[in-house]
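Visitor: Before anything else, here's the structure in question.
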Amino acid sequence: MSGILIIAEYKNNNFKKVTFEAVTCGRQLAKELNADLLVAVLGDKIADLSQEFADWGVNKIILAENELLKNYTSDGYAKILSDIVGKYKPDLILLGATAFGRDIAPKLAAKLNVGIANDCIALKFDENKNLVGTRPMYAGKILADIVIEGMPKIFTIRQNVFPAEKMSGISSTMENFEVKLFQEDIHTKIKEVIDSLGNKIELTEADIIVSGGRGMKGPENFKILDELADVLKAAVGASRAAVDAGWKLHESQVGQTGKTVSPKLYIACGISGSIQHLAGMSSSKCIVAINKDPEAPIFKLADYGIVGDLFEIVPLLTAEFKKAKSR
Ligand code: FAD
C-alpha cells in the first residue's frame, strides 16, 4: 500500500475536529499497513495553518493553494483532489462525514470511478486484510459492514466517534502541489458566504452543549438555554421530540438520527434519555441531567443529576455561572 490520504476541512482558520479524528484513524491504519499518511489541504494562503499537522504524525502535508480554491466549490475541489490522487496514488482516502464531506466525497468517487462508504463509525481490517467500514443504515436500525473493491477506497467518518490524538516524533514534509485550475472549470459562482451560525458555536465542535427536550414545553423557552449557553460559551442542542415539534431545526438534533457529539460537558434539560438520544451523546465526558422525574432513564447515565423543575434550575445555574465568571 502506498499511502492513506486525509482530506482536510477547515472553517474560520481552524481545522474541524473530525479532520484530526480522520488523521488519528488514518495513522493507525497506516501503521498496520506500513504506509505513509498524507494530508491534502486545499485553499488560498493556508500554508501557516497547515503546519498544525506536524504535531499529528503526518508524513506529508500536500498544499494546494490557489485563489480559485479560496471558497469551497465541488467542481474546483473535485478537480484538484482527483489530480492529487493521480499524482500520489493513495489506496485509501478518509474525510469527515460533514456537509463538506458528504458533498465532495461522492463527487470525487464518481470522478475517479471508485467505491465509497459514507458515515462510518468503525474502520478495521478483516482476516483477509480487507478494510471494513461499519455504517448505520435505515435510521440506525442496522449496522452494515462495507468492503470496497478497487482503489482508492473512499470512506467518510462520522464526527465525534473516532478519537483525535496528537503524536510527536514524526517529521512532516510540506509539498506544494501545482494547481491547474481555471475559472471555466468551476460552474458555480460564489456571490456571498453567509455563516448561518453567526457567532454561535457549531454543535459538533463545541466543548460544552446545553440541550433541551420535550420538557422545554415550547420554542420560546429555549431562550433560557441560550442564556446559559452564552455564559458557558456552549452550543445549544435538542432532542428529536423538540425538533419534531418544530421548536428547533434538525441541525440541532442530537442522537441516532441527528448529530453525534462528544463534548467535555453535556447538560440535558427536560430530556428523558431514550436510547436513540443517548446514541448521540453518551460519549460526552461529563453529563449533567436536569429532570423533574427522578426515575428518568437519563439519570442512569448522568454523572450529576438534578431532580427538579428546569424552569427554576436553569436560570439559577446561569446566574451562578455569571457570578463565578465575574469573580
Ligand atoms: P420525552 O421522552 O417526552 O421526555 C421529556 C422529559 O422532560 C421527561 O423525562 C420529563 O420528566 C421531563 N420534564 C418535563 N417537564 C420538565 C420540567 N419542567 N423540568 C424538568 N424536566 C421536565 N430522539 C433523539 O433525541 N434523537 C434522535 O436522533 C432520535 N432518533 C430516533 C430514531 C428512531 C428510529 C426512533 C424510533 C426514535 C428516535 N428518537 C430520537 C426519539 C426517541 O425515541 C424519543 O422519543 C425522544 O428522544 C424523546 O425526547 P425527549 O427526551 O425530549 O422527550
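The values are calculated or read from the model by the stated rules, or taken from the named source; none is laboratory data. None of the values given here were measured: they were computed from a predicted structure. We place every Cβ from the backbone using ideal geometry, glycine too, and count neighbours over all the protein chains shown.
Visitor: Select, from 198, 150, the only residue that is in a loop (DSSP other than H, G, I, E, B) and under 25 Å from the mean Cα position of the chain (by Cα).
Guide: Step by step, each of 198, 150 is checked, and only 198 is in a loop (DSSP other than H, G, I, E, B) and under 25 Å from the mean Cα position of the chain (by Cα).
Visitor: Still on this structure, please answer the following. If I filter the range 203-252 down to residues being surrounded by fewer than 17 Cβ atoms within 10 Å (Cβ to Cβ) and in a loop (DSSP other than H, G, I, E, B), which single residue comes out as nearest to the chain's Cα centre (by Cα)?
Guide: 207
Visitor: So which of 144, 139, 164 is at pLDDT below 95 and among the hydrophobic types (A, V, I, L, M, F, W, C)?
Guide: 139
Visitor: Examine the range 115-131 for a residue that is within 27 Å of residue 13 (Cβ to Cβ), in contact (Cβ under 8 Å) with a residue 24 or more places away in the chain and out of contact with any strand residue (DSSP E or B) (no Cβ under 6 Å at 6 or more places or on another chain), and state whether such a residue exists.
Guide: No, the range 115-131 has no match at all.
Visitor: I need a count of the residues in the range 282-304 that are within 11 Å of the ligand (Cβ to nearest atom) and not hydrophobic (A, V, I, L, M, F, W, C). Walk me through how you get there before you give the answer.
Guide: First, pick out the residues of the range 282-304 that are within 11 Å of the ligand (Cβ to nearest atom): 289-299.
Adding the requirement that they be not hydrophobic (A, V, I, L, M, F, W, C) leaves 291-295, 297.
Residues meeting the conditions: 6.
Visitor: Quick check on my filter: what residues within the range 255-281 are touching a residue at least 40 places away in the same chain (Cβ under 8 Å) and within 6 Å of the ligand (Cβ to nearest atom)?
Guide: Residues satisfying the conditions are 256, 257, 270, 271, 272, 276, 277.
Listed here are the residues, each with its yes/no results for (1) of a type in the set (Val, Ile, Thr); (2) under 20 Å from the mean Cα position of the chain (by Cα); (3) in a helix (DSSP H, G or I).
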| site | (1), (2), (3) |
| --- | --- |
| 31 | no, no, yes |
| 80 | yes, no, yes |
| 94 | no, yes, no |
| 105 | no, yes, yes |
| 114 | yes, no, no |
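Visitor: What are the residues in the range 190-220 that are modelled with pLDDT of 95 or more and of a type in the set (Gly, Ala, Ser), if any?
Guide: 206, 211, 212, 213, 215, 218
Visitor: Which is at pLDDT 95 or above, out of contact with any Ser or Thr (no Cβ under 9 Å at 6 or more places or on another chain) and more than 16 Å from the ligand (Cβ to nearest atom), of 81, 123, 94? Before you say what the answer is, go through the steps one by one.
Guide: Details: 123 fails: out of contact with any Ser or Thr (no Cβ under 9 Å at 6 or more places or on another chain); 94 fails: out of contact with any Ser or Thr (no Cβ under 9 Å at 6 or more places or on another chain).
On inspection, the qualifying residue turns out to be 81.
Visitor: If you don't mind, another one. If you check 142, 121, 93, which single one turns out to be surrounded by 18 or more Cβ atoms within 10 Å (Cβ to Cβ) and β-branched (Val, Ile, Thr)?
Guide: Of 142, 121, 93, the one residue that is surrounded by 18 or more Cβ atoms within 10 Å (Cβ to Cβ) and β-branched (Val, Ile, Thr) is 93.
Visitor: Being more than 12 Å from the ligand (Cβ to nearest atom) and small (Gly, Ala, Ser) is the filter here, so list the residues in the range 305-327 that pass it.
Guide: Hits for the range 305-327 are 319, 324, 326.
Visitor: Return the residues of the range 9-32 that are in contact with a Gly (Cβ under 9 Å, 6 or more places away or on another chain) and of a type in the set (A, V, I, L, M); say none if nothing qualifies.
Guide: If the condition is that a residue be in contact with a Gly (Cβ under 9 Å, 6 or more places away or on another chain) and of a type in the set (A, V, I, L, M), then 18, 22, 23, 30 are the ones that fit.
Visitor: Moving on. Does residue 154 satisfy being touching a residue at least 12 places away in the same chain (Cβ under 8 Å) and farther than 20 Å from residue 84 by Cβ? Break it down stepwise before answering.
Guide: Numbers: touching a residue at least 12 places away in the same chain (Cβ under 8 Å): yes; farther than 20 Å from residue 84 by Cβ: no.
So residue 154 fails the test.
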